[in-house]
Amino acid sequence: MVLSKTVSESDVSIHSTFASRYVRTSLPRYKMPENSTPKEAAYQIINDELMLDGNPRLNLASFVTTWMEPECDKLMMAAINKNYVDMDEYPVTTELQNRCVNMIAHLFNAPLGDTEAAVGVGTVGSSEAIMLAGLAFKRKWQNKRKAEGKPYDNPNIVTGANVQVCWEKFARYFEVELKEVKLREGYYVMDPDKAVEMVDENTICVAAILGSTLNGEFEDVKRLNDLLVEKNKQTGWDTPIHVDAASGGFIAPFLYPELEWDFRLPLVKSINVSGHKYGLVYAGIGWIIWRSKEDLPEELIFHINYLGTDQPTFTLNFSKGSSQVIAQYYQLIRLGYEGYQNVMENCRENMIVLREGLERSGKFNIVSKDNGVPLVAFSLKDNRKHNEFRVSDMLRRFGWIVPAYTMPADAQHVTVLRVVIREDFSRTLAERLVLDIDKVLHELDTLPAKLVVESHEVKKGCDGCVVVKKKTALETQREITTAWMKLVMEKKKINGVC
Amino acid sequence: MQSEWITDRRDAFCGRLVAVDGKKLKPSVGSHFLVGPLISKCTYRPACTERSVSSQKSIIINWIDSSPKLLICTSFSTSLISVEVSNLEREIERQRVGKMVVTTTIADSGENLCCTFASRYVRTSLPRFKMPESSIPKDAAYQIINDELMLDGNPRLNLASFVSTWMEPECDKLIMSSINKNYVDMDEYPVTTELQNRCVNMIANLFHAPVGDGETAVGVSTVGSSEAIMLAGLAFKRKWQNKRKAEGKPYDKPNIVTGANVQVCWEKFARYFEVELKEVKLKEGYYVMDPVKAVEMVDENTICVAAILGSTLTGEFEDVKLLNELLTKKNKETGGDTPIHVDAASGGFIAPFLYPELDWDFRLPLVKSINVSGHKYGLVYPGIGWVVWRTKDDLPEELIFHINYLGADQPTFTLNFSKGASQIIAQYYQLIRLGFEGYKRVMVNCMENAKALKEGLEKTGRFDIVSKDVGVPLVAFSHKDSSNYSVFDISENLRRFGWIVPAYTMPADAERIAVLRVVIREDFSRSLAERLISDVEKVLKDLDALPARVSGKVAHVTATVEETVNAEIGGNAVVKKDVKAIEEEITSHWKRFVDRKKMNGVC
């Protein structure tokens, strides 16, 4: 029916989007539609549906950068159709990636000469980075064991129980046992002494976290290094350390330059960092740096030759956009050491403002430390009447997304709210958030009274008309709330935290 | 210090720069040379061997003395204009001064007044190894990076890649507005998650997955087909391991059977996840996996056979139907249940629209999973792929991580975690914007343009067409007579016109054949196709005439060299070869590099 289609198409170009038939039909969810939709209508429909997503800028749950300078947006948009792996066609992009690797390696004090190229690679995020690092450790350990004629089928990795879910993923997908150092109340990071105790001959590496996901604390890598050096000396093994600096990697060098956590410690063989966290780039970029070429088994590297130069690649992904790499380079040269330092100091200042504001309310225990990643983790002093999940939920009404989650095993009875301070979270916003939290607490205090009144009203209005409804509105509501809370409490945990 | 270097077009193409006022030029050791629009950065050092540096397009020429030398650039751009010499010592001095806070502040206050190109930032070379100490204004940073990126190839003219380089401006708007959304924050962005699930459903339906109406399909979005393939492979491996464990048999030697024409990511999967890769060899004239041979290679340790819909080399579809039949028979005989994975990275969005009657997808019972690249003929910018499983049973539960949001359970199975949500939204846009009808039209257009290009190339009478008419819309062609020059020369010459057309040799057992490949994407219109044909003809004409022209030039250049050599009183002993010999050496050197290139980088 070519004819009728032609007619309807002409209609479309005349009518405004909201006058067209496309806003009247529901969008297909399981099958591709038979016919095309005009681009204006398609744009409007998708755009409008996306309005219901949370506002990324108000998402205080995530470390991931949500704001960049408009100039950088322009660069990113211009590069969005460039494929990062086409190194032959886009040599400059590749060069920019290499420069970023060099700069980050120098930032982490990799033992390199002034013009020596560092060993590292850009990834989609810290998950890919961690898998690559883990794979390198695993392969190195396997090769060593093979050479010694010992069994190499039971590798394990030692971490704190506060690690991000991707370590668990790595362990499961690459068949490595994950040995977790348990946490305890009041101490939410890996205990180096316990960790070193757990190391055995099958340990491919110990992973330390610089900036624990839960409370932003830095683990004591230096002590871990010292203990492990001693243990290695005693046993003759050479268990290395990986530092997962996903969130802390761009904090420590600027705020705590004297803190030793990086390649200055001899056992640290690789470090990963998320460019999209305090690297100040939009989601989709991570970095992994190795101490030296020897720490990355050659057999894992695929060599791609282009224009007479050999470009070694080691990635799990292949085609991907190159915008993020370019954006990272932009930030590094735009801000420089000075700029990054200023940004991090601002974040810390705002963190202190928020923390003090919360302390003033007198209702919260602050769980996070002042030294570490700029975030405030806090729990209610008295959570019998209403708990942290309730506060989190109420804050959504004001637009804030503040996650609440329970701590991992052995500290799981503690629930915390976490606010991550990103560069775009200004002082004004911090003050506003304190105000809104006060409001929420106030409201929660009065809530039971209010509910009773409401249920009375409902009863009056519904008397006789609804026979099925036997429970009072209050009871129903309570029931639903507890059921729902249980669900969230049980399942949510820290899986989704990033 | 500024000195004029010039190059004539053809010399530049051959990778040479000749100093004209060479007699006077005395760069000090360590001077940087910035070569015009090529941005090769060459460093002069007082040794006597050539060495390539990490920046791709340059080779260090050593400066033995101050006599003029040939500056060799392995690049193919024809527009080398000039060389700017900046003294390293001065630069170090400048950096040292820059570290003093007072100076920086003063300079900064002035920055706002002058325009970007009047500021000091375009004068200093960008740091390559260390982060700069101080900040620079955002407009300067933008301009410097933007300008350097001009030297990248133009993605739209990159005929090497299947990856989409154009989308409608409306979609660009959607992408830009969601660029700061993190795909894994499913709690915060439930609509984005919902759009992803809708895409999975639509694609599963397109591939005839046995799901009822209103039933959700099993699949996930990935960064690209590489991740998709690793996830699919991991599922097969785990399923096979579980089965073997249950049977009490050894499970430490899994293997996977594919054709030798597979993309490099299969090899990656095999190496990283410790699976042996059994490749079915190709033969001349038959560049895809032979199902008969493949099934012969299957044994009890085979986790799956991977078939490719749209071979990277020639765009041909492998015969999945025959493979399915043969494998069904073999499974019956041996009692095994070796499954099939279809790598439809490029063909997945072609076959359903152009060849709806072709059986290659979930209609075949042994096909358990299919991956497809959204960023190829799914018509989205790079960074999106999809993998779809036939049923829930084909994806071992233990691989799935459950993330709960708002009381609903969201199972996830990915290798990456945080990533942008733009591409998912863009994929949904394309699916509903174009619909079946729109995709079909796009694919028909691509096919028509491929045909036009093929006919144009055949008309020249110089090429054998290697690609088939049925398959992914691409034209792979080899040169009939490669005695004088090879397809690599043609490829390099086409760069002068702006075209990026890759040349590569076929994999093992057919490696004698070198082909050029042009991928027809939706944004490659008929007029561009015609333009390409005429440019190929021009290149052929140029190359045919080359030997004569080279000798003519050599005479001229030799004269120059002799002059300079005389000026240097005999020159130095190292320069013994005449220009022609040098040129030949360079060319063969360079060709060797390119020959090694093979198909690793093809995507």
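The values are calculated or read from the model by the stated rules, or taken from the named source; none is laboratory data. What you see is a predicted model, and the numbers here were worked out from it, not measured in a lab. Glycine also receives a Cβ, built like all others from the backbone with ideal geometry; neighbour counts cover every protein chain displayed. Accessible surface is based on the protein model in full, side chains and every heavy atom, while ligands, DNA and RNA are left aside. Shrake-Rupley method; radii C 1.70, N 1.55, O 1.52, S 1.80 Å.
State whether the stretch B:457-545 is rounded, prolate or oblate according to the following rule on the C-alpha gyration tensor (a ≥ b ≥ c being the square roots of its eigenvalues): a/c under 1.5 gives rounded; otherwise a/b larger than b/c gives prolate, and the remaining case gives oblate. It is oblate, given that a/c is not under 1.5 and a/b is not larger than b/c.
Please give the FRET efficiency for B:LEU322 paired with B:SER527, using the beta carbon to beta carbon distance and R0 = 51 Å, rounded to the nearest 0.05. Walk me through the numbers before you get to the answer.
On the way: r = 40 Å, r/R0 = 0.78.
Once the sixth-power term is evaluated, E becomes 0.80.
At an R0 of 30 angstrom, the distance between the Cβ atoms of A:GLU299 and B:MET297 translates into a FRET efficiency of 0.80. Relative to the longest principal axis of chain A, what angle (0 to 90°, nearest 10) does the C-alpha long axis of helix A:221-235 take? Helix A:221-235 and the main axis of chain A meet at about 50 degrees. The calculated P(r) of the stretch B:359-450, using every Cα pair and 5 Å bins from 0, goes 3, 10, 14, 18, 21, 18, 10, 4, 2, 1, 0 in percent.
May I ask you to derive the FRET efficiency for A:MET198 and A:GLU148 from their Cβ-Cβ distance with R0 = 25 Å, giving the value to the nearest 0.05? Display every interim value, and only then the final one.
Details: r = 22 Å, r/R0 = 0.87.
Efficiency, from the Cβ-Cβ distance: 0.70.
Percent of Cα pairs in the stretch B:211-262 per distance bin of 5 Å, from zero to the largest separation: 4, 15, 17, 18, 17, 15, 10, 3, 1.
Compute the label zone of A:ASN55 within the stretch A:416-432: residues whose backbone N is under 20 Å from the point 7 Å along Cα-to-Cβ. Answer for this model: A:418-432. Across peptide A:102-113, the average count of Cβ atoms from other chains found within 10 Å of a residue's Cβ is 2.
If every alpha-carbon in the stretch A:173-217 counts as one equal scatterer, what log10 I(q)/I(0) does Debye give at q = 0.23, 0.33 1/Å? The computed values of log10 I(q)/I(0) come out as -0.92, -1.31.
What chain A shows is 40 Å² of accessible area per residue, with the surface traced by a 1.4 Å probe over protein heavy atoms.
Our estimate of slack between A:HIS442 and A:PHE18, defined as 0.36 nm per intervening residue step minus the Cα-Cα distance, is 148.4 nm. Remark: mean inter-chain Cβ contacts per residue of B:220-227 equal 5, using a 10 Å Cβ-Cβ cutoff to other protein chain atoms. Take each peptide in B:179-189, B:447-457, A:267-277, count the other Cβ atoms within 10 Å of every residue, and average; sorted highest first, the result is A:267-277, B:179-189, B:447-457.
Based on the Kirkwood radius over alpha-carbon pairs, what value in µm²/s does the Stokes-Einstein equation return for the translational diffusion coefficient of chain A at 25 °C and 0.890 mPa s? If you can, show how the numbers build up before the last one.
On the way: Rh = 25.7 Å.
Approximately 96 µm²/s, per Stokes-Einstein.
Treating the angle as unsigned and between 0 and 90°, give the value, to the nearest 10°, between the Cα long axis of helix A:126-148 and the longest Cα principal axis of chain A. So the helix axis and the longest Cα principal axis differ by about 40 degrees.
Summarise the partner chain shielding of A:159-171 as one whole number: the mean count of Cβ atoms from other chains within 10 Å of each residue's Cβ. Provide the component values of the computation, followed by the final result.
Values: counts 0, 0, 0, 0, 0, 1, 5, 6, 0, 1, 8, 1, 0.
Neighbouring Cβ atoms belonging to other protein chains average 2 per residue here.
Might you report the magnitude of the Cβ-based charge dipole of the stretch A:57-445 about its Cα centre, with Lys and Arg at +1 and Asp and Glu at -1, to the nearest 20 debye?
Numbers: 44 positive and 54 negative charges, 159 e Å.
Taking the Cα centre of the stretch A:57-445 as origin, the dipole is about 760 debye.
A protection proxy built from the mean count of other Cβ atoms within 10 Å ranks the segments B:486-494, B:310-318, most packed first, as B:310-318, B:486-494. Would you mind checking the tilt of helix A:427-462 against the longest principal axis of the Cα atoms of chain A, expressed as 0 to 90 degrees and rounded to 10? Once rounded, the angle reads 40 degrees. Label reach from B:CYS115 (point 7 Å along Cα→C-beta): in the stretch A:45-78, no amide nitrogen lies under 12 Å.
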